[in-house]
Amino acid sequence: MRILSIASGSSGNCIYVGDENTHILVDAGISKKRIEEGLHTIGLTVRDLNAIFVTHEHIDHIGGLGVLTRQCEAPVYGTKGTLQGIFQTASLGKLDPCRFVEIEENAQITVGNILIDAMKISHDAAQPVAYRFFQDGKKLAIATDLGMITEENEEKLKGMDAILLEANHDVNMLQVGPYPYYLKQRILGNKGHLSNENAGKLLSRIVHDGLSHILLGHLSKENNLPDLAYEAVRLEITMGDNPYDASDFSIHVAKRSEPSEMIEI
């Protein structure tokens, strides 16, 4: 199983997960052209996609979905609330309802030889989820847009071989930055986004010998820097109540506007 972050950030998100035979996209918050360019780096086109999973209906996760679904045949999976939000987004253009498949929170779906688990999360969207992927004993999670980490979330994120985790903002940059007060409070709230520090604290509690790759994603363009996210997470892992040092793990920051290096598990 492999993961490729085609784009990750507050301005657009799109992640590929798959293997030689099964090709899955998580979110389509960038243009179909950019999605195609990202897939080309691993020898694929949008017509090779077997499924598209949507985490929630915010535009940075669905902005390219309309064009994408009109140019490929892959079914689109999302919760009832997410699908309702998608069909209420006029900018997506005409959508074929037959292409969309409703899933439940905490439901499991099999696509090819990959099992996908939809994990309920806390975010200010209609019915948002994160996704876990399982194949031949390998486990991968994509978890962004997390206002808070519930006990159930933390338990489900343990034991992963690789994880793409949100490190959205540096709290100080956000607090002194130009955002209006209400927006700062939204981001900092329990239905907002995960800070660098809180991402690191979570990772410090779930790291284990089998965790081979950590990819930090969904960084805010205005309220974060890749180096800040990287160093904050490394510090929390090293200083946390665990037997590890951050240097024990492969930690990278997903790029905002171009594909990151592909990770194979």
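Candidates in segment 6-25 are the residues that are over 9 Å from the mean Cα position of the chain (by Cα) and polar (S, T, N, Q); of these, the one that is least open to solvent (accessible area, probe 1.4 Å) is Thr22. Take the conditions over 18 Å from Val101 (Cα atoms), more than 13 Å from the chain's Cα centre (by Cα) and surrounded by 18 or more Cβ atoms within 10 Å (Cβ to Cβ) and apply them to Ile30. Does it pass? Taking the combined requirement at face value, the residue satisfies it.
Per the listing Gly112, Gly64, the residue uniquely of a type outside the set (Phe, Trp, Tyr), open to solvent by 40 Å² or more (accessible area, probe 1.4 Å) and either in contact with a Ser or Thr (Cβ under 6 Å, 6 or more places away or on another chain) or in contact (Cβ under 8 Å) with a residue 60 or more places away in the chain (or both) is Gly112. For Asn198, state whether it is touching a residue at least 60 places away in the same chain (Cβ under 8 Å), open to solvent by 50 Å² or more (accessible area, probe 1.4 Å), out of contact with any Phe, Trp or Tyr (no Cβ under 7 Å at 6 or more places or on another chain) and within 30 Å of Ala126 (Cα to Cα). No: the conditions fail for Asn198. Of the residues making up segment 203-223, not a single one is open to solvent by 40 Å² or more (accessible area, probe 1.4 Å) and among the aliphatic types (A, V, I, L, M). In segment 233-245, the residues that are among the hydroxyl-bearing types (Ser, Thr, Tyr) form Cβ pairs under 7 Å with partners that are assigned to a helix (DSSP H, G or I), at six or more places apart or across chains, as follows: Thr238/Ala246; Tyr244/Ile237. Within segment 91-146, work out how many residues are farther than 24 Å from Ile265 by Cα and among the basic types (Lys, Arg). Matching residues across segment 91-146 total 3. Within the option set Glu264, Glu197, being closer than 22 Å to Ser10 by Cα and at pLDDT 95 or above holds for one residue only, Glu197.
The requirement of being part of a strand (DSSP E or B), open to solvent by less than 10 Å² (accessible area, probe 1.4 Å) and not acidic (Asp, Glu) is satisfied by Leu164.
Just one of the listed residues (Ile3, Ile35) is buried (at least 24 other Cβ atoms within 10 Å of the Cβ) and without any contact (Cβ under 8 Å) to a residue 60 or more places away in the chain, and it is Ile35. Could you please find all residues in segment 119-159 being assigned to a strand (DSSP E or B), open to solvent by less than 20 Å² (accessible area, probe 1.4 Å) and either out of contact with any Phe, Trp or Tyr (no Cβ under 6 Å at 6 or more places or on another chain) or not aliphatic (A, V, I, L, M) (or both)? The answer is Met119, Ser122, Val129, Ala130, Tyr131, Phe133, Gln135, Ala141, Ala143. Identify all residues within segment 231-259 that are at pLDDT 95 or above, of a type outside the set (Val, Ile, Thr), open to solvent by less than 70 Å² (accessible area, probe 1.4 Å) and under 30 Å from Thr41 (Cα atoms); write none if there are none. Scanning segment 231-259 gives Arg234, Ala246, Phe249, Ser250, Ala254, Pro259. Out of Thr89, Thr41, Thr69, Thr82, one residue alone is more than 21 Å from Ala143 (Cβ to Cβ) and surrounded by 24 or more Cβ atoms within 10 Å (Cβ to Cβ). It is Thr69.
The values are calculated or read from the model by the stated rules, or taken from the named source; none is laboratory data. Nothing here was measured: the structure is a model prediction, and the numbers come from that model. As a convention, Cβ positions derive from the backbone with ideal geometry for all residues, glycine included, and neighbour counts pool all protein chains shown. What goes into the accessible areas is simple: the full protein's heavy atoms, side chains included, and nothing from ligands, DNA or RNA. Shrake-Rupley method; radii C 1.70, N 1.55, O 1.52, S 1.80 Å.
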